[in-house]
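Derivation of every value follows stated rules applied to the coordinates shown; laboratory data play no part. Because the structure is a prediction, the values reported are computed rather than measured. Every residue, glycine among them, receives a Cβ derived from its backbone with ideal geometry; neighbour counts consider all protein chains shown.
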């Protein structure tokens with residue numbers, strides 16, 4: 001294997017990078033505490049220690065997903081995504097019968113809450129129509145943009161009119177709405193690219209959409225801007241209520257006033273403070289909503305405490321993520337480890353069979369178990385939330401238990417756990433985390449804690 005700092009990645013990892021459309025190297029789902037890596041990407045040994053000979057490309061894939069997790073805990077948009085997931089999970093609980101199955105319809109007041117959460121989800125999560133951008137796009141030209149309403153309420157989003165410059169020199173005029181997804185994926189791509197460059201460069205075959213959209217927009221509006229500055233602008237935007245509008249406005253400011261002046265003015269300005277004041281109120285409401293819900297309460301409090309700490313750090317250090325990149329003080333492995341251990345996820349799943357590597361809180365503490373309960377409750381909720389944003393109560397929902405691969409519980413059964421785990425809940429046995437997560441939703445925490 002190539003050693004850290006060498007330019008070449010293994011042929012296997014390069015092949016994976018070239019077939020990204022067909023194979024997922026890593027994943028992180030919004031509002032969760034777990035990062036999952038492809039079994040072939042090995043970063044830790046069996047005891048969870050970092051491997052000094054880990055592949056550079058494997059480290060980059062992990063950091064791509066880790067950045068998604070970090071932004072989910074440390075930006076206004078990310079925390080709102082998680083709070084929306086938690087709100088939807090509370091509504092899902094209202095549909096459960098005494099056996100933990102979704103059979104009830106929501107009442108009028110809960111329906112109104114669902115409509116509000118749907119608006120949040122659309123604004124902060126749902127992709128728009130960037131798929132109209134051709135795959136062979138290499139740049140944008142003649143770009144203008146406007147602000148338009150993002151569904152009901154006060155939300156706004158950026159509508160782009162531009163010319164796509166294609167490989168070979170062809171051009172296509174098009175319009176699309178910039179969504180949060182393009183912002184988040186472009187930032188993770190930039191961060192991953194900074195990591196690649198630290199190794200002297202690795203093969204890069206990332207698709208234009210969603211990974212290269214922000215750098216292309218920036219180059220069209222403010223020529224000469226660096227990817228690192230695009231990253232900083234994107235982080236500012238993710239800490240505001242209308243991130244895509246703010247990002248485009250920041251680019252306009254960079255074009256007229258310069259990047260440094262723009263960053264110094266907006267990084268912790270009024271928009272940042274107003275958004276975070278609103279977020280603090282919502283965090284308090286979420287904290288109180290899960291009182292007395294067993295491990296779920298521990299998980300919620302753990303997440304919200306981490307979010308508060310990271311949001312506070314961002315006020316004084318708006319781009320603390322960049323401390324983990326190559327070129328920062330210290331060696332690369334030291335930078336990566338320091339960043340991850342200072343702001344740890346709950347679990348990273350890797351290997352085959354999948355094995356969790358736990359950071360910070362450890363894998364036996366109530367906080368870590370609680371974060372896993374949050375993941376499983378969200379799994380159940382999303383399995384029942386259909387494309388119309390209504391909860392399916394007809395028994396047709398399908399979803400696997402995301403902890404099945406490393407569950408050692410004696411009652412695990414692929415017949416149920418891999419399709420409808422909510423149908424085999426054991427109210428008499430708290431060792432099944434899935435059962436405990438549903439019991440938390442039902443407020444049936446009457447058993448001995450794990």
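With a 10 Å Cβ neighbour count serving as the proxy for reagent exposure, in which order, fewest first, do 167, 77 appear?
Details: 167 10, 77 23.
The fewest-first ordering by Cβ neighbours comes to 167, 77.
With each label modelled as a point 7 angstrom along the Cα→C-beta vector, the residue 386-residue 167 pair spans 4.1 nm.
Full extension of the chain between residue 154 and residue 175 gives 5.3 nm of extra length, using 0.36 nm per residue less the Cα-Cα distance.
Find how much the distance from residue 428 to residue 400 grows on full extension, using 0.36 nm per residue of separation minus their present alpha carbon separation; answer in nm with one decimal. Display every interim value, and only then the final one.
On the way: separation 28, 0.36 × 28 = 10.08 nm, distance 2.14 nm.
Fully extending the segment from residue 428 to residue 400 adds 7.9 nm.
Once you have the Cα-Cα distance between residue 115 and residue 260, take 0.36 nm times their residue separation minus that, and quote the gain in nm to one decimal.
Values: separation 145, 0.36 × 145 = 52.20 nm, distance 4.05 nm.
Going from the current span to full extension adds 48.1 nm.
Projected label points at residue 308 and residue 334, each 7 Å from Cα along the beta carbon direction, are separated by 3.4 nanometres.
Kindly put 382, 176 in sequence by how many other C-beta atoms sit within 10 Å of each C-beta, fewest to most. Spell out each step's value before the answer.
Numbers: 382 17, 176 20.
By the 10 Å Cβ count, ascending: 382, 176.
How do 431, 181, 232 line up, fewest other C-beta atoms within 10 Å first? Could the numbers behind the result be given before it?
Working: 431 15, 181 18, 232 23.
Arranged by neighbour count, lowest to highest, 431, 181, 232 become 431, 181, 232.
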